[in-house]
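Engineer: Please find one structure pasted underneath; my questions will follow.
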Amino acid sequence: MKYHLHVFGCQMNEADAQRVGSELEKIGLTYTDHARDADVIVLDTCVVRQSAEDKAYSYITTLKPIKEKRPDTIITVMGCMVGVKSNGTLKKQFPWVDVFMAPSETAPLVNFMRQRESFALMAEETRHRHALQDGDILLPAHERGSLVAAHVPIVYGCSHACTFCIIPYRRGVERSRPIGQIAQEVRSLAEQGVKEVTLLGQIVDRYGRDFTDGPDLSDLLRVINDIDGIERIRFLTSHPNWMSDELLDTVAELPKVCEHIEVPVQAGDDEVLRNMKRGYTTADYRRLIEKIRAKLPGTSIATDIIVGFPGETAAQFQATYDLLEELKLDVAHLAKYSTRPGTVADRNLPDDVPEEEKERRWRVLNDQHERISDGINRRYQAQTVEVLVEDRHKGKWRGRTRTNKLVFFEDETTDRRGQLAQVKIEKTGPWSMIGTMSH
Ligand code: SAH
């Protein structure tokens, strides 16, 4: 029996799908790259922008002929298109889908399958064969011993109410996972060869704030830092209001936690930020970046920007441009504003920036970002950096620096996957670098 996963969207979706994959591996299924060969097909959907939602709809449509040809195929749709409050409309719209599952859930599919006795028997046998403990993750066979970097959700949902954002409506209220459960998952990933984990949450710095007297993100980082086999730890996404000094000090203190912070600003104008209900000003953000750079020299900083938010004037857009020019961040994830049903902006703020103007603003920032990243990456020229090798791509080894820069290098002699290589950088560009191994 085989399963296939198709994932749209963010790292959280990748992680959610991996956990579904793990449950299917535990039942005894094996992974296939092709939906047409699979007995179980799982689609993980994203609706953060209309373009993502369109992709999910068209993919579901391609599953209909598969179900018609092989009615025993179990088709599952999960993720933000389904959401935590699904009301049956999707089932009417897509009758060929067997299971609909909220983001980060696995039980509805597992229960659906266990109704078939043959699956229950297979599951028992697999559990014994792999000596699995409750809470372990079982990677697909082709990734066991070769997957280098994995994502681990630590906070589900989100209870902030940014006016543009659909995520809280679809992923539900903020819920931190128990520290022991997270540690157990990371240990089982490490035992299967994983060297790097990225801890995930919509506001990852809020880890544990929904517990009374529970651990916080610094405590969790300390626990993960002690797990054998794990070489690197990252966490994302941070929110400017929740990045505490203590957290930055913990990043500085713990050797495995990388110099890499993802902290979105979204806009460089205070009125736009107010309309987004982000809860900080551009001055606050500037101060935070200064503090990060003072406490963690050499840290790479990534941000997210939305262009064309309702009411954004040319001057307000220019303020975003100017802020990015001043701060010179390593990465800027750029998005054109897209109205999302049910959000405050959808109800109260007309989507009044024309599409061509959104496109123009996006291009202006993209060109700016390419130039800024190119400048930052040039500083790596002739330096020797530590690269954690992830895989092979077009005849070269591909990995990342602690600062999350993509590096390619050649080496025919050894399998370098999962190793920390010292690489001397010879050529840099805005998106990646090339170097040679220094021995
Ligand atoms: N929780 C994180 C990011 C979540 S979504 C945070 O708040 O920072 C990832 C990115 O998608 C956001 O940072 C934002 O830049 C973008 N995004 C979210 N909603 C959007 C919308 N309606 N239109 C365009 N981009 C959006």
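Engineer: Which of the residues that make up the stretch 295-339 are away from the ligand (no atom under 14 Å from the Cβ) and touching a Lys or Arg at 6+ places or on another chain (Cβ under 6 Å)?
Structural biologist: F317
Engineer: Counting only residues that are surrounded by 15 or more Cβ atoms within 10 Å (Cβ to Cβ) and outside any helix (DSSP H, G or I), how many does the stretch 282-310 have?
Structural biologist: The total comes to 13.
Engineer: Regarding the stretch 250-272, can at least one residue be identified that is within 16 Å of the ligand (Cβ to nearest atom) and in contact with a Lys or Arg (Cβ under 7 Å, 6 or more places away or on another chain)?
Structural biologist: Yes, the stretch 250-272 contains a residue that is within 16 Å of the ligand (Cβ to nearest atom) and in contact with a Lys or Arg (Cβ under 7 Å, 6 or more places away or on another chain).
Engineer: Oh, and also: Just one of (1) of a type in the set (A, V, I, L, M); (2) surrounded by 16 or more Cβ atoms within 10 Å (Cβ to Cβ); (3) in a helix (DSSP H, G or I) trips up A252, so point out which.
Structural biologist: Against the list (1) of a type in the set (A, V, I, L, M); (2) surrounded by 16 or more Cβ atoms within 10 Å (Cβ to Cβ); (3) in a helix (DSSP H, G or I), A252 comes up short only on (2).
Engineer: Which condition number does Q11 fail, the rest of (1) touching a strand residue (DSSP E or B) at 6+ places or on another chain (Cβ under 8 Å); (2) open to solvent by less than 30 Å² (accessible area, probe 1.4 Å); (3) within 16 Å of the ligand (Cβ to nearest atom); (4) not hydroxyl-bearing (S, T, Y) being met?
Structural biologist: (2)
Engineer: Can you find even one residue in the stretch 44-67 that is free of Cβ contacts under 8 Å to residues at least 24 places away in the same chain and either more than 30 Å from L334 (Cα to Cα) or in a loop (DSSP other than H, G, I, E, B) (or both)?
Structural biologist: Within the stretch 44-67, one or more residues are free of Cβ contacts under 8 Å to residues at least 24 places away in the same chain and either more than 30 Å from L334 (Cα to Cα) or in a loop (DSSP other than H, G, I, E, B) (or both).
Engineer: Yes or no: T303 farther than 18 Å from P264 by Cβ and either among the polar types (S, T, N, Q) or at pLDDT below 95 (or both)?
Structural biologist: For T303, the condition - farther than 18 Å from P264 by Cβ and either among the polar types (S, T, N, Q) or at pLDDT below 95 (or both) - is not met.
Engineer: Would you mind telling me which numbered condition in (1) within 16 Å of the ligand (Cβ to nearest atom); (2) free of Cβ contacts under 8 Å to residues at least 24 places away in the same chain A283 fails?
Structural biologist: Unmet for A283, out of (1) within 16 Å of the ligand (Cβ to nearest atom); (2) free of Cβ contacts under 8 Å to residues at least 24 places away in the same chain: (1).
The values are calculated or read from the model by the stated rules, or taken from the named source; none is laboratory data. Note that the structure is a prediction, hence the values are computed from the model and not measured. Note that each Cβ is placed from the backbone with ideal geometry, even for glycine, and that neighbours are counted across all protein chains shown. Heads up: the accessible areas ignore ligands, DNA and RNA and are worked out on the full protein's heavy atoms, side chains in. Shrake-Rupley method; radii C 1.70, N 1.55, O 1.52, S 1.80 Å.
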